[in-house]
């Protein structure tokens, strides 16, 4: 437990620092939104490109890790729970809010727990998780439309929208580039590698500070007032259900050590409000509050999940 706590605490403190900077108005929330945009388009793709493209995965059980991550979402624990929520406008929020993980948070924790090797394994888990969750969101939206729970849902939650988001996602481009470089065994030129590495590592502090800047206590209170059941369901799925599913998948597939930590960590990360979503804007009102509560609660739930499930 002590090691897990030591690994998660520094990243969480940086998140709190980001919140403090905005609260004290040293940096405006609007400025952090621009930094997060830069993170999304440049630094995170660079991290995946460098991490996946230059790491040695010859001894890593990559196939089992991929199967574990896909099975966590493929089993659709969050999707099934969200389906039972009566309101079609809240149900998709429960689903999407509970599975959109704060990946820079996981990068920081994995680096603290396992060094660069641990970070590389986490990138494998995240590279599998990101496209899977985008498609899963589209599938759920498609389900909502087909069930006629919302007359407008079939157009708003089209599966084609999620596939378009997937194709346009720069992080997915970084993943694809890194995988291609690794499989083709093409080394990056020394100077270029250093630049990409530096840009990639910038994703961690910017992502953590940005997560802190996005904390909104008023939104958290509003989430419980506006949709208490949906908010609690989302938090339960995000902080308890998905990590438990990840621990079980890792056990069944024989993952241990850093590989198991990577799988549990990607599932235990607190949710965030997606930069781009297949949901209509009015259907995302609960997400900022749920993300705030999940981020604050993760200081306790994440080390416990890593300690108990790996």
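The values are calculated or read from the model by the stated rules, or taken from the named source; none is laboratory data. Fair warning: this is a prediction, and the values are worked out from it, not measured in the lab. Cβ coordinates were reconstructed from backbone atoms using ideal geometry, including for glycine residues, and neighbour counts include every protein chain displayed.
Some notes on this structure:
- Every pair of residues 6+ apart whose Cβ atoms lie under 8 Å, when the first sits in segment 23-38 and is over 16 Å from residue 216 (Cβ atoms) while the second is modelled with pLDDT of 85 or more and surrounded by 11 or more Cβ atoms within 10 Å (Cβ to Cβ): 35/206; 35/209; 35/210; 38/206
- Only one of the listed residues (265, 308) is surrounded by fewer than 16 Cβ atoms within 10 Å (Cβ to Cβ), modelled with pLDDT of 85 or more and in contact with a helix residue (DSSP H, G or I) (Cβ under 9 Å, 6 or more places away or on another chain). That residue is 308.
- Options 29, 33, 75; residue that is farther than 27 Å from residue 288 by Cβ and either at pLDDT below 85 or surrounded by 16 or more Cβ atoms within 10 Å (Cβ to Cβ) (or both): 75
- Checking each residue in segment 186-211 for being part of a helix (DSSP H, G or I) and without any contact (Cβ under 8 Å) to a residue 24 or more places away in the chain picks out 190, 191, 192, 194, 195, 198.
- Enumeration of residues in segment 212-265 that are over 28 Å from residue 17 (Cβ atoms) and not in a helix (DSSP H, G or I): 253, 254, 255, 256, 257
- Scanning segment 203-221 for residues that are within 25 Å of residue 37 (Cβ to Cβ) and surrounded by fewer than 17 Cβ atoms within 10 Å (Cβ to Cβ) yields 217, 218.
- So residue 110, is it modelled with pLDDT of 90 or more, more than 18 Å from residue 173 (Cα to Cα) and surrounded by 24 or more Cβ atoms within 10 Å (Cβ to Cβ): yes
- Test: residue 38 is more than 28 Å from residue 194 (Cβ to Cβ) and either surrounded by fewer than 22 Cβ atoms within 10 Å (Cβ to Cβ) or in contact with a helix residue (DSSP H, G or I) (Cβ under 7 Å, 6 or more places away or on another chain) (or both): no
- Residue in segment 212-226 that is without any contact (Cβ under 8 Å) to a residue 60 or more places away in the chain and at positive phi present: no
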